[in-house]
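Please read the structure below before turning to the comments.
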Amino acid sequence: MKWPLALAPAVALLLPLVGALNDITIDGIITATHADHLSSLTQTLSHSEANDPAPTAIDPVSSSSDNASTVTSVSDSVTMLLGGQHTKLLTNITANSTSTPTPSPSPSPIINTQPCNGHPEFCSRRYSNVSIIAAHNSPFVKSGNVAANQALDVESQLDDGIRMLQFQTHLVNNTIHLCHTNCDIFNVGPLENYLARVTQWVRTHPYDVVTIMIGNPDYIPPGKFVDPVQRSGLMDLVFTPSKIPMTREDWPTLSGIIFSGKRVVAFMDYEANQTAYPWLIEEFAHVWETPFSPTDPTFPCTLQRPPGLSRPDMDARLYMANHNLNLNINLANLNLLIPNTASLVETNAVSGPSSLGLMANQCTTQWHYPPNFLLVDYYNYGKPNGTVFEVAAQLNNVTYEGHCCGSTSAAGSLQPWKLHYIVGLLILVLF
């Protein structure tokens, strides 16, 4: 059962009743590596696009007869997304269209169990205070192709816990396509088709915020991205910042983004114009990155893009740790960076040399806050599979309880010995 938006004003009238309970708290519910700057209570309504069952209703209450008020009962449900270091103590009530709310005999603390991006603790955290795993070149999934970066399709990626989708775009016959470096090498089709799949997933997961990072190496004018975003249905879900640029402290909480219904945050690296298209966020005004397409297995946490930022400017931005190890192949006139699949288990590990966990901890020590985005290839590979999500969970000080990863794997064709075989075959063909 879903709330009609017309009821929002009525719900707003009930919120002061909850405010009477602000002095009743239970402390110490959440401690996190990420700073938890806010401890807020957010009233949320289920949205029309959500197909999930309606969450459990939590009714606003009055704490004394002085605050008694007539309320109108409704058959739909209200979800409170709570979190932070202060969890409000609410009392269950019964009410009808003409009566004053009557507390039930047994007050009990209400602790949020509705996850935001997989964890109830995230609901009150700012978007800027959560670390997420990013799928590098998310759409590039193809068995036997050495330029592929992922093994599982985008739906599986999102199901498994990927919350940033990064990809590269190119213009082909005036249509934006998803291509790896060059559309003659690896073209997985129009951007619109991929975004339509993302849209469908987001609509059926109403408590998840998904981030998209668009690579635009050909400097395609930003206006050309409007049509594929609109035709895919994604435009209805895209978040628009409240100011330009946003500092770390300006980002809303995850529950605030979820309540708005605009649950897709879209960045673009080059040519974004937020004056004309405020929803298409200029990456480097908001995010800085460690060295991109790294071939150095030590994965330094130094700034690469945008160059020349001052320390205060870096501190005001989010940042991405690029942790996808590449091999640089130079064959005749062919220069390719391809994933180093032979080292995936070590690269995606929680600890050890070259591990994602080691880089995450080093970056946190160096910059005094964890990376917001951890960019990886073949996220599903590890020992055990899914170790990249364990790294993010440790940064967020939550427990990873996922079951990674999807049911099929194109990366099976790219086991280490097969990678070397394919590279050798390329040499034979070209020479």
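The values are calculated or read from the model by the stated rules, or taken from the named source; none is laboratory data. Keep in mind that this is a model prediction, so the values were computed, not measured. All Cβ positions, glycine included, derive from the backbone under ideal geometry; neighbour counts span all protein chains shown.
For this structure, a couple of remarks:
- When region 292-346 is filtered for residues that are closer than 18 Å to GLN362 by Cα, touching a residue at least 40 places away in the same chain (Cβ under 8 Å) and not in a loop (DSSP other than H, G, I, E, B), the ones remaining, listed by number, are MET314, ASP315, LEU318, TYR319, MET320, ALA321, ASN322.
- Per this entry, TYR381 is not counted among residues that are in the same structural domain as MET164 (by TED's automatic domain parsing), within 16 Å of GLU289 (Cβ to Cβ) and not acidic (Asp, Glu).
- Every test in (1) under 21 Å from VAL154 (Cβ atoms); (2) at pLDDT 90 or above; (3) surrounded by fewer than 19 Cβ atoms within 10 Å (Cβ to Cβ) is passed by ASN397 save one, and that test is (1).
- Single residue of region 153-167 satisfying the filter (hydrophobic (A, V, I, L, M, F, W, C), under 16 Å from LEU374 (Cβ atoms) and in a strand (DSSP E or B)) that is nearest to the chain's Cα centre (by Cα): MET164
- The residues of region 262-275 that are out of contact with any helix residue (DSSP H, G or I) (no Cβ under 7 Å at 6 or more places or on another chain) and farther than 26 Å from PRO206 by Cβ, listed by number, are TYR270, GLN274, THR275.
- Selection count, region 356-381, where residues are at negative phi and not in a helix (DSSP H, G or I): 12
- Filtering HIS170, HIS205 for residues that are in a strand (DSSP E or B) and either outside the structural domain of PHE259 (by TED's automatic domain parsing) or not β-branched (Val, Ile, Thr) (or both) leaves a single hit, HIS170.
- Region 232-245, residues that are over 15 Å from VAL210 (Cβ atoms) and either basic (Lys, Arg) or buried (at least 20 other Cβ atoms within 10 Å of the Cβ) (or both): LYS243
- When ARG248 is tested against (1) surrounded by fewer than 19 Cβ atoms within 10 Å (Cβ to Cβ); (2) charged (D, E, K, R); (3) touching a residue at least 12 places away in the same chain (Cβ under 8 Å), just one condition goes unmet, and that condition is (1).
- Selection within region 111-131: residues that are of a type in the set (Gly, Ala, Ser) and part of a loop (DSSP other than H, G, I, E, B). The member of this set that is farthest from MET320 (Cα to Cα) is GLY118.
- Of the residues making up region 180-195, those that are within 26 Å of the chain's Cα centre (by Cα) and either modelled with pLDDT of 95 or more or surrounded by fewer than 21 Cβ atoms within 10 Å (Cβ to Cβ) (or both) number 11.
- Residue match in region 253-260 (condition: surrounded by 15 or more Cβ atoms within 10 Å (Cβ to Cβ), in a loop (DSSP other than H, G, I, E, B) and at pLDDT 95 or above): no
- Residue in region 274-288 that is farther than 26 Å from SER355 by Cβ, touching a Lys or Arg at 6+ places or on another chain (Cβ under 7 Å), β-branched (Val, Ile, Thr) and at pLDDT 95 or above present: no
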